[in-house]
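Student: Can you read through this structure? Questions will come right after.
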Amino acid sequence: METLEELLNARLTAAFAAVVDGGADPVLRRSQHADFQADGALAAARKAKRNPREVAALVVEHARLDDLCETVEISGPGFINLTVSAGALGRLLAGMSAHDRLGIPAAVTPQTVVVDYSAPNVAKEMHVGHLRSTVIGDATVRTLEWLGHNVVKANHLGDWGTPFGMLIEHLLDIGEANAAEELSVGDLNGFYRAARAKFDADEAFQERSRRRVVALQGGDEETLRFWRMLVAESERYFMTVYDRLGVRLTDKDFFGESFYNDMLHPVVASLDELKLLKISDGARVVFPEGFVNRDGEPLPIIVQKRDGGFGYGTTDLAAIRYRTQELHADRIAYVVGLPQKQHFEMIFSAARSAGWLTASTRAEHVAFGSVLGTDGKILRSRAGDTIKLADLVDEAISRAAAAVAEKNPALSEAERDRVARLVGIGAIKYADLSNDRVKDYVFDWQRMLSFDGNTAPYLQYAHARIRSIFRRGAVSAPAGLTTIPVAEKAEHALALELLAFPAVVAVVADTLDFHKLTHYLFGLASAFTTFYEQCPVLKSEGEVRESRLALCDLTARVLCQGLDLLGITAPDQM
Ligand code: ARG
């Protein structure tokens, strides 16, 4: 199934090929002046030292666009303006409507994609950075899975390292049962802080902790048992947060740092064999090409510390090798905050030198900015602590419940609770995803829960309102139409928006810039609002009524599917 843009592109590409040597990109885009405009004649003419308007005229002459366009005009220095015909829109809309995947086929050659996301740290509260990773990662997983790819969800839990010495000693001090209790109710910060405080104040405790790290690394059975308990309790708590958020992560997706422990020695040995290891200050390091500090000295990845311990980077080298060589990943997406940009660049570079990352795998750092409070500073609780995600979700739901009750007092209590959950969680996710992800964004309850503007509640409400048209009219969506005639200007505009969905999803799957999808959905809802103001639906008759109902249905389906890719559920009623 070809999209409108693909069809126009193909026809114009053929025409350019007939007109200029070697052909040219038509440079097609949506336009203010017409439905689409193709600017390719300018660059093509410059290259061939010809007059751009003449090139454009020849392209128009050669292009077979009769079945797609109403008018094709040349404007300005040689832009080609295209207005799509009602007939073409009607046919394409009918095709999209008849397709249960809204014109987006599943991938013919599915890729194996590893998504490394969420990745909180054991015995530490998840912070808002982990929330962003979880939300963006979940949207990535949903989008790629929907497109038919084979997605491996890798929750790179911080479950190994020196802090476990003090954490285990603290666990022993307060007793296993108490520790389990504290962790399972989610008092991770309290537990961590108590351990840290003792470590900082008490030398004997410090010494015990150090010995404990050695025992842990040495594989001491009893120590491992305590460690496992800390990990299991934390995982259980993280799962409750994931369940509340409605993300796809399960307890099978924990591939924590410790998962790679057995691979660390072999990684070091391979790097040694490849002559990539250097000694620096007694540590074994790799100097990836092209990374220097402020003084121009090469920057190392510490592979093995002078005491024999491994680091965060070593684990990431082992992980990338495992993902390419064992999982055969075609693509690896690391959904991690912007501050780790250089870390990943260095890992990718070293992995390339080692031959563990080749041109057949696309490795990318899906970076994101910080979450700020309305005061413009890093978001913290009133007491100045990092915010507990579970509390954040609770607050979103209770605020949403109030907003929903005000909007629709007639909803039953059970319905309201269900809707409040979807709206509250949707609001948090949408606020995150609708911002350019590498930028910081301001966490603002008022804005994200508003029923006006570019928000989840607005889109969820737009969707429910369309569904209510069918309920009120006691009609179902027309099926089996061979065309969905559009006559009015507002219908025409809505049709173009609907038909743009496949191209938007393709761009988002490639760039993982989810704000492009939210922007699109918001534009679609706005086009629908204009249409609904100007074109009566239930009050119209015959073919017009059928076609308008079909437009309503298609809009609702696109909104619902688009939001679902973002991890947001659109209820039928709210
Ligand atoms: N646990 C780390 C943190 O909290 C994030 C891990 C990201 N993934 C990775 N492969 N390094 O900062």
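Student: Among all residue pairs at least 6 apart or on different chains, which show Cβ distances below 9 Å where the first residue, located in segment 257-283, is under 22 Å from Arg323 (Cβ atoms) and within 16 Å of the ligand (Cβ to nearest atom) and the second is in a loop (DSSP other than H, G, I, E, B) and of a type in the set (Asp, Glu)?
Tutor: Close Cβ pairs satisfying both conditions: Glu257/Asp159; Ser258/Asp159; Phe259/Asp159.
Student: On to the next question. Being farther than 24 Å from Ser360 by Cα, surrounded by fewer than 20 Cβ atoms within 10 Å (Cβ to Cβ) and within 16 Å of the ligand (Cβ to nearest atom): is that true of Ile302 here?
Tutor: Judged against the criteria, Ile302 is a match.
Student: Of (1) surrounded by 23 or more Cβ atoms within 10 Å (Cβ to Cβ); (2) part of a helix (DSSP H, G or I), Ala123 satisfies all except one. Which?
Tutor: (2)
Student: Of all the helices (runs of 4 or more DSSP H) wholly in segment 459-558, which have at least 3 residues that are touching a strand residue (DSSP E or B) at 6+ places or on another chain (Cβ under 9 Å) and on the phi < 0 side of the Ramachandran plot? So that I can check it myself, show each step before the final result.
Tutor: Numbers: elements: 489-499, 501-511, 515-534.
Helices (runs of 4 or more DSSP H) meeting the threshold: 489-499.
Student: A follow-up question, please. Is it the case, given these coordinates, that Glu406 is loosely packed, with under 14 Cβ neighbours inside 10 Å and modelled with pLDDT under 95? Break it down stepwise before answering.
Tutor: On the way: loosely packed, with under 14 Cβ neighbours inside 10 Å: yes; modelled with pLDDT under 95: yes.
Spelling it out, Glu406 is indeed loosely packed, with under 14 Cβ neighbours inside 10 Å and modelled with pLDDT under 95.
Student: If you check every pair at least six apart or on different chains, which have Cβ atoms under 9 Å apart with a residue in segment 105-120 that is more than 30 Å from Thr386 (Cβ to Cβ) and without any contact (Cβ under 8 Å) to a residue 12 or more places away in the chain first and a residue that is assigned to a loop (DSSP other than H, G, I, E, B) and more than 10 Å from the ligand (Cβ to nearest atom) second?
Tutor: Val108/Gly148
Student: Are any residues in segment 292-328 at pLDDT below 95, closer than 17 Å to Gln342 by Cβ and in contact with a Leu (Cβ under 7 Å, 6 or more places away or on another chain), and if so, which ones?
Tutor: Val292, Asn293
Student: When you go through Ala396, Ala400, Ala431 one by one, which is the residue that is part of a helix (DSSP H, G or I), touching a Pro at 6+ places or on another chain (Cβ under 9 Å) and surrounded by 24 or more Cβ atoms within 10 Å (Cβ to Cβ)?
Tutor: Ala400
Student: Taking helices (runs of 4 or more DSSP H) that do not extend beyond segment 1-76, which have at least 2 residues that are within 30 Å of Ala98 (Cα to Cα)?
Tutor: Details: elements: 4-19, 40-48, 52-62.
Fully inside segment 1-76 and qualifying: 4-19.
Student: Please list, ordered by first then second residue, the pairs with beta carbon atoms under 7 Å, 6 or more apart or interchain, first in segment 510-522 and free of Cβ contacts under 8 Å to residues at least 24 places away in the same chain, second part of a helix (DSSP H, G or I) and surrounded by fewer than 18 Cβ atoms within 10 Å (Cβ to Cβ).
Tutor: Lys516/Val507
Student: Suppose we filter segment 324-348 for residues that are more than 10 Å from the ligand (Cβ to nearest atom), assigned to a helix (DSSP H, G or I) and within 24 Å of the chain's Cα centre (by Cα); how many remain?
Tutor: Total meeting the criteria: 7.
Student: Can I ask one more? Taking segment 307-323 as the region of interest, how many residues are away from the ligand (no atom under 13 Å from the Cβ) and in contact with a helix residue (DSSP H, G or I) (Cβ under 8 Å, 6 or more places away or on another chain)?
Tutor: Counting residues in segment 307-323 that are away from the ligand (no atom under 13 Å from the Cβ) and in contact with a helix residue (DSSP H, G or I) (Cβ under 8 Å, 6 or more places away or on another chain) gives 2.
Student: For segment 351-378, what are the residues that are aliphatic (A, V, I, L, M), crowded, with 21+ Cβ neighbours inside 10 Å and part of a loop (DSSP other than H, G, I, E, B)?
Tutor: Hits for segment 351-378 are Leu357, Val366.
Student: Looking at Leu102, Leu89, which is the one that is closer than 16 Å to Ser547 by Cβ and not hydroxyl-bearing (Ser, Thr, Tyr)? Give the derivation first.
Tutor: Numbers: Leu102 fails: closer than 16 Å to Ser547 by Cβ.
After applying the criteria, what remains is Leu89.
Student: Among the residues of segment 159-170, is any free of Cβ contacts under 8 Å to residues at least 12 places away in the same chain, surrounded by fewer than 21 Cβ atoms within 10 Å (Cβ to Cβ), small (Gly, Ala, Ser) and under 29 Å from Gly309 (Cβ atoms)? Show your work before the answer.
Tutor: Of segment 159-170, the ones free of Cβ contacts under 8 Å to residues at least 12 places away in the same chain are none.
Within segment 159-170, none of the residues are free of Cβ contacts under 8 Å to residues at least 12 places away in the same chain, surrounded by fewer than 21 Cβ atoms within 10 Å (Cβ to Cβ), small (Gly, Ala, Ser) and under 29 Å from Gly309 (Cβ atoms).
Student: Could you pull out the residue among Leu58, Leu7, Leu42 that is surrounded by 16 or more Cβ atoms within 10 Å (Cβ to Cβ) and touching a residue at least 60 places away in the same chain (Cβ under 8 Å)?
Tutor: Result: Leu7 is the single residue among Leu58, Leu7, Leu42 that is surrounded by 16 or more Cβ atoms within 10 Å (Cβ to Cβ) and touching a residue at least 60 places away in the same chain (Cβ under 8 Å).
Student: Suppose we keep only residues that are out of contact with any Lys or Arg (no Cβ under 9 Å at 6 or more places or on another chain), part of a helix (DSSP H, G or I) and more than 13 Å from the ligand (Cβ to nearest atom) within segment 127-166. Which one would you say is farthest from Leu230 (Cα to Cα)?
Tutor: Thr143
Student: Tell me which residues, restricted to segment 1-34, are among the charged types (D, E, K, R) and in contact with a helix residue (DSSP H, G or I) (Cβ under 6 Å, 6 or more places away or on another chain).
Tutor: If the condition is that a residue be among the charged types (D, E, K, R) and in contact with a helix residue (DSSP H, G or I) (Cβ under 6 Å, 6 or more places away or on another chain), then Glu5, Asp25 are the ones that fit.
Student: Hey, another quick one. Of the residues Gly424, Gly453, only one is crowded, with 16+ Cβ neighbours inside 10 Å and either free of Cβ contacts under 8 Å to residues at least 40 places away in the same chain or β-branched (Val, Ile, Thr) (or both); which?
Tutor: Gly424
Student: Residues of segment 434-456 being in a loop (DSSP other than H, G, I, E, B) and of a type in the set (Lys, Arg), which ones?
Tutor: Scanning segment 434-456 gives Arg437, Lys439.
Student: Here is a follow-up. Here is a list of conditions, (1) surrounded by fewer than 23 Cβ atoms within 10 Å (Cβ to Cβ); (2) part of a loop (DSSP other than H, G, I, E, B), and Ser118 meets all of them except one; can you say which number that is?
Tutor: For Ser118, the exception is condition (1).
Student: Is it the case that segment 380-390 has a residue that's within 30 Å of Pro288 (Cβ to Cβ) and either of a type in the set (Phe, Trp, Tyr) or modelled with pLDDT under 90 (or both)?
Tutor: The answer is no, given that none of the residues of segment 380-390 is within 30 Å of Pro288 (Cβ to Cβ) and either of a type in the set (Phe, Trp, Tyr) or modelled with pLDDT under 90 (or both).
Student: Another one. Among residues belonging to segment 534-568 that are in contact (Cβ under 8 Å) with a residue 40 or more places away in the chain and charged (D, E, K, R), point out the one that is surrounded by the most Cβ atoms within 10 Å (Cβ to Cβ).
Tutor: Once the filter is applied, the top-ranked residue is Arg548.
Student: Here is a further query. Does at least one position in segment 230-237 carry a residue that is closer than 30 Å to Gly186 by Cβ, within 15 Å of the ligand (Cβ to nearest atom), assigned to a loop (DSSP other than H, G, I, E, B) and within 28 Å of the chain's Cα centre (by Cα)?
Tutor: No, that holds for no residue.
Student: OK, next. Scan segment 112-124 and give yes if some residue there is under 26 Å from the mean Cα position of the chain (by Cα) and more than 16 Å from the ligand (Cβ to nearest atom), otherwise no.
Tutor: Yes, the conditions are met somewhere in segment 112-124.
Student: Kindly indicate whether Met96 is part of a helix (DSSP H, G or I), in contact (Cβ under 8 Å) with a residue 40 or more places away in the chain and not small (Gly, Ala, Ser).
Tutor: Considered against the rule, which asks whether it is part of a helix (DSSP H, G or I), in contact (Cβ under 8 Å) with a residue 40 or more places away in the chain and not small (Gly, Ala, Ser), Met96 comes out as yes.
The values are calculated or read from the model by the stated rules, or taken from the named source; none is laboratory data. The structure presented is a predicted model; accordingly, all values stated were derived computationally and were not measured. FYI the Cβ positions are ideal-geometry reconstructions off the backbone, even for glycines, and counts take in every protein chain you see.
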